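For reference, the structure discussed in these notes is given below.
The values are calculated or read from the model by the stated rules, or taken from the named source; none is laboratory data. Every value quoted in this text rests on a predicted model; they were computed, and no experiment measured them. We place every Cβ from the backbone using ideal geometry, glycine too, and count neighbours over all the protein chains shown. Protein only, heavy atoms only, side chains kept; ligands, DNA and RNA dropped before computing areas. Shrake-Rupley method; radii C 1.70, N 1.55, O 1.52, S 1.80 Å.
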Amino acid sequence: MPFLLAYSMGDSPAGPDASEQAVRALLLNNGLTIGTTVHDGARHPSFPVSLLVEAGQAVVSMPLLNAQCPVPPEWLVAAEARGNAYFVFTTRPWPTATPGRPVTEEQLAQFAGAEETLTAAAHCLLPIRRIRS
């Protein structure tokens, strides 16, 4: 299962709690629940979160937010085979993960697999979209 994880750095001028509250508000304002419910974007044509995969990049878009990241070839193969990806957007800040700098598998597993991370997140199954030529 290809997955994507979104989180804040917790580096708001008002501190990590403000970052957490801002992410929570963004998710709730877009109709996403936080906890264990999995939202299936394929079942709702007007779902507020979309995933575009093109040229080795994954782009997640929702009102007020666009995030782009390179994805490895094995992620692309899995996404192509499944036609969707699992997206987790947690309100829990991850201040030690610096953008553009790799984290180890152990660091990722510790953060992404932590109960505190998962229960403080919106969970979505997003269909893969591509640019049409």
Using the heavy atoms of the protein chains and a 1.4 angstrom probe, tell me the accessible area per residue for the chain in square angstrom.
-> 60 Å²
Integer Hz, Karplus 6.51/-1.76/1.60 couplings in order for the range 60-65, x for Gly and Pro | 9, 10, 8, x, 6, 8
Under unit Cβ charges (Lys, Arg +1; Asp, Glu -1), what dipole magnitude, rounded to 20 debye, does the chain have relative to its Cα centre?
-> 520 debye
Matching label, Cα extents along the principal axes in Å computed from the structure shown, candidates [x] 44, 33, 25; [y] 43, 39, 36; [z] 39, 35, 26 = [x]
Of every hundred units of 1.4 Å-probe accessible area on the range 12-123, the number belonging to carbon and sulfur atoms, as a percent, is 56 percent
Percent RCO, i.e. relative contact order, over the chain, from Cα pairs under 8 Å lying at least 6 residues apart | 39 percent
If you rank 11, 40 by how much accessible surface each has, with a 1.4 Å probe, what is the order from largest down?
-> 11, 40
Order 52, 126, most accessible first, counting only protein heavy atoms with a 1.4 angstrom probe.
-> 52, 126
Which helices, taking whole DSSP H runs in the chain, have alpha carbons extending 18 angstrom or more along the helix axis plus mean Kyte-Doolittle at least 1.0?
-> none
Rounded to one decimal in nm, the spacing of the 7 Å Cα→Cβ label points at residue 115 and residue 33 is 2.0 nm
For an R0 of 25 angstrom, estimate the FRET efficiency from the Cβ-Cβ distance between residue 106 and residue 78 and round to the nearest 0.05.
-> 0.75
